[in-house]
Amino acid sequence: MANYHYDEGGSMAAYFLITILVLVLTPMTLSSTGKKPSTKPTNGCQCKPCVEQRARIAKREKGSVFMPNLSRRSYFLIVGWSLLAFLCYKVAGVVVENKVYNPFEILDISASATEKEIKSHYKKLSRVYHPDKVKPTVNQTIEAIQDRFVQITKAYKALTDETIRKNWELYGNPDGRQEMSMGIALPKWIVESQNNIWVLGFYGIVFGGALPALVGRWWFGNRQKTKDGVNAKSAAVFFKGLKEESAMEEVVGTLGKAYQYELSDAGIKRSDVGIDRLESEIEKRAGTKWSEIRKVAKDADEKLHVKRRRALVLIYAHLLRIEVSDVKLQKEQTEILLQVPLLLNAFLNVAISRNWLLPTLAIMRLHAFLTQALPPIENERLQLTQLPSIQKTDVESLADAKTLTDVAEVLESKKDERASDVKKALDKWGATEIVDAAFKVIGERGVTPSSIVFLVVKLRLNRPGKKTQRKELSVDETKKAIKYNDELDDKFLTSRNEIEELEDEQNVAIGAHAPYWPGERKPSWWVVLADDKLNRIVVPPFKVTDVPYANPDAEHDRDYRSYKIQFQAPQNTGMFTWRIYLVSDTFVGEEVTKDIVLKIEEPTAAEQPDEDDISDPDEDTLAGQMAAMRGGKVKKHTEQEEDDDESSTDDDQDDDNSSSDSDSD
């Protein structure tokens, strides 16, 4: 019969915890330390403001020595491995009591010793360890001395007495069959009567309170979030606040409304001196624009929620490049700005679901204004302030400069120190070019109604101020280039990839010039196919990235990248004149448009089966005669068909006569 006992020493519970910790910590550590593709740009803009901004971002993300910015996963791994090390140290010094009984080991004699040698060795040990021969010491009691001699005697009898030896060989113990002792990996104090109330209270808190609260928080937390990761109430604000003709001010005001549900209530004050000072400065610079935005952000009762006001003030202070001196407000502004792309993407999905073009373009363009810290303005010359160290006051002194390249040339002619940084920024600029755009149908030359169509767009980037001179190709080289590009285009069209794979990924745009954005920035572009006349989106926009720079030395002049999106053609035939918008999320004013025509034609007559030929039976067949009796349509033979039959019969007769003549010969 088994005898169960609790782990009084705690060693078995330690072994149990060590096993669980190893099973959990090992895969988590391997997944955390594994090589992951870095999402940070590796070749960003090298101008001085961008370099300084990246240093501030790295410092903020790294944290200090005493306050490192570690994730919850990292903290869990640190605590877990520390606990594992402590438990391993604890069990390392535990004496194992469950040993296999070995009389040879107790007598300290070889297992091959004879019975005579065993008796002789036992007599020697008796003279040494007999209780009458050994005197107790400080570290040794009489009971320990007696117990040791009893073990020696029992081991001697286990090797010399036949009955006792048989018990040892059969049951592993000279005393015969023993009760099985099994330990439970729970310390004894857990089940002691005086601790019952505490143990039950702990179980009640964990399983009756903490676990349901954790599950409820996860469940209701997921219900409060949309698939875009924003609060459901924020999505409702976007849905209600968006209009078909919404302008930029309405988009910014509606964005500010969402922060009422996105910001935490902790630390929010109704009256904040820092916010008040920023808003007064914004009113001086923005004027009526700020009043319009505040009006949009207000509730129906003409009140502006404190969290809405706070978020709008910090966002617009960033757009106007107003310096925030308070450290807490700086941190709050950074958190709000880094949350803006997530909210704008959810806002964009609402606009796309309604197929409204104008608000969709306004939301897309707001990304670039926020990245470059520029207010949504109509004065195109202020776009020059995107360049490093160029402020609004500098634009007036650069009256001769109309483009970004002109600014670099003017500064260089004046031997201005800023010319070097401006050139470095232009080297990482994204002036996009639509090399080609076309509608393609796999296996077909034209587009038929309701067919599956692919919009294939070929893009590349041109660095401002650098002209790409391409070498002239001979006739044979041109033919080879056309054949080579056509093969790659067909391969990409039939593949499942939406982005063409490039052999050389080093020439793509990775790091953008964004000295005011509080995070790493990788340039991207939206491709929008729209109908301007109807203010409607034809195909939901898709975002592209990793666009290559122009390279005159590219093989067969293929220095562009192809992107595609699939959609279903309209059901009716005709000519559809649409427009492609290429909108940047990083650079203001770098928007490209291209008109494109989709021609939908009916299938050719040869491809269409004749329904009459299929449905009407011949009049000479049994099915045709039965159909004629019922008054149905039948296919009648024409005179031409009869003439053909007669001619074929005559030919057969002529062939028979000729063959008989040849036989007679």
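The values are calculated or read from the model by the stated rules, or taken from the named source; none is laboratory data. These numbers come from a predicted model, not from an experiment. In this analysis, Cβ positions are derived from the backbone assuming ideal geometry, glycine residues included, and neighbour counts consider all displayed protein chains. With ligands, DNA and RNA removed, areas are computed over all heavy atoms of the protein, side chains included. Shrake-Rupley method; radii C 1.70, N 1.55, O 1.52, S 1.80 Å.
With a probe of 1.4 Å, find how much accessible area region 512-598 has per residue, and write the answer as a whole number in Å².
Values: 3380 Å² over 87 residues.
That works out to 39 Å² per residue.
Give Lys233/Lys543; Lys62/Lys423; Lys124/Lys157 a once-over and call out the pairs whose C-alpha atoms are over 24 Å from each other.
Result: Lys233/Lys543; Lys62/Lys423 exceed 24 Å.
Compute, for Arg354, the solvent-accessible surface of its heavy atoms (probe 1.4 Å) with the complete set of protein chains present, and express it in square angstrom to the nearest 10.
60
So if each residue of separation counts as 0.36 nm, and I subtract the Cα-Cα distance between Leu338 and Glu162, what length gain in nm does that give? Please list the in-between numbers first.
Details: separation 176, 0.36 × 176 = 63.36 nm, distance 8.50 nm.
Fully extending the segment from Leu338 to Glu162 adds 54.9 nm.
First check a/c for region 280-373, with a ≥ b ≥ c the square roots of the eigenvalues of its C-alpha gyration tensor; if it is under 1.5, answer rounded, and if not, answer prolate when a/b is larger than b/c or oblate otherwise.
Working: a/c = 1.71, a/b = 1.35, b/c = 1.27.
Cα axes put region 280-373 in the prolate bin.
Kindly report, to the nearest 10 Å², the accessible surface of Leu200 as traced by a 1.4 Å probe over protein heavy atoms only.
120
I need the shape label for region 486-602. Rule: rounded when a/c is under 1.5, else prolate if a/b > b/c, else oblate, with a, b, c from the alpha carbon gyration tensor.
Details: a/c = 2.32, a/b = 1.32, b/c = 1.75.
Oblate is the answer for region 486-602, as a/c is 1.5 or above yet b/c matches or exceeds a/b.
Counting only protein heavy atoms, what percent of the accessible surface of region 66-160 is carbon or sulfur at a 1.4 Å probe?
On the way: 4350 of 7430 Å².
Exposed carbon and sulfur together represent 59 percent of the surface.
With θ taken as phi - 60° and the coefficients 6.51, -1.76 and 1.60, list the Karplus ³J(HN,Hα) couplings across region 486-500 in order, rounded to whole Hz; mark glycine and proline as x.
The phi angles translate into 5, 5, 5, 5, 5, 5, 5, 5, 8, 7, 8, 6, 8, 10, 5 Hz.
HN-Hα J couplings of region 408-421 from phi, Karplus 6.51/-1.76/1.60, θ = phi - 60°, integer Hz, Gly and Pro as x?
So the J values, rounded to whole Hz, are 4, 5, 5, 5, 5, 5, 8, 6, 7, 5, 6, 4, 5, 5.
Under a 5 Å amide H to amide H cut-off, with H placed in plane at 1.01 Å, what residues pair with Ala401 once short-range neighbours are removed?
none
Please say if region 347-501 is rounded, prolate or oblate, where rounded means a/c under 1.5 for a ≥ b ≥ c the square roots of the C-alpha gyration tensor eigenvalues, and otherwise the choice is prolate for a/b larger than b/c and oblate otherwise?
Working: a/c = 3.39, a/b = 1.48, b/c = 2.29.
It comes out oblate by the Cα gyration axes.
So with the 1.4 Å probe, I'd like the accessible area per residue for region 302-450, rounded to whole Å². Present the calculation step by step, with values, prior to reporting the outcome.
Values: 6840 Å² over 149 residues.
Heavy-atom accessible area per residue stands at 46 Å².
Expressed as a whole percentage, what fraction of the accessible surface of region 258-350 belongs to carbon and sulfur atoms when a 1.4 Å probe is rolled over the protein heavy atoms?
Working: 2280 of 4860 Å².
The nonpolar share, carbon plus sulfur, comes to 47 percent.
With every protein chain present, what accessible area does Glu505 have (1.4 Å probe, heavy atoms only), rounded to the nearest 10 Å²?
80
Compute the FRET efficiency between Asp175 and Glu143 as 1/(1 + (r/R0)^6), taking r as their Cβ-Cβ distance and R0 = 22 Å, and round to the nearest 0.05.
Details: r = 20 Å, r/R0 = 0.89.
For R0 = 22 Å, the calculated efficiency reads 0.65.
Mind giving me the nanometre distance, one decimal, between the label points for Asp299 and Val273, set 7 Å out from Cα along Cα→Cβ?
For Asp299 paired with Val273, the spin-label model returns 2.9 nm.
Given a 1.4 Å probe and heavy atoms of the protein chains only, how would you sort Tyr75, Tyr156, largest accessible area at the top? Kindly include the intermediate steps, with their values, before the conclusion.
Values: Tyr75 110, Tyr156 45 Å².
Highest to lowest solvent-accessible surface, that is Tyr75, Tyr156.
Can you give the FRET efficiency to the nearest 0.05 for Lys328 and Glu555, using r as the Cβ-Cβ distance and R₀ = 45 Å? Don't skip to the end; give the middle numbers.
Details: r = 55 Å, r/R0 = 1.23.
The calculated FRET efficiency here is 0.25.
Kindly state, to the nearest 0.05, the FRET efficiency for Glu105 paired with Arg217, given R0 = 51 Å and r defined as their beta-carbon distance. Walk me through the intermediate numbers first.
Details: r = 59 Å, r/R0 = 1.15.
Here the calculated transfer efficiency is 0.30.
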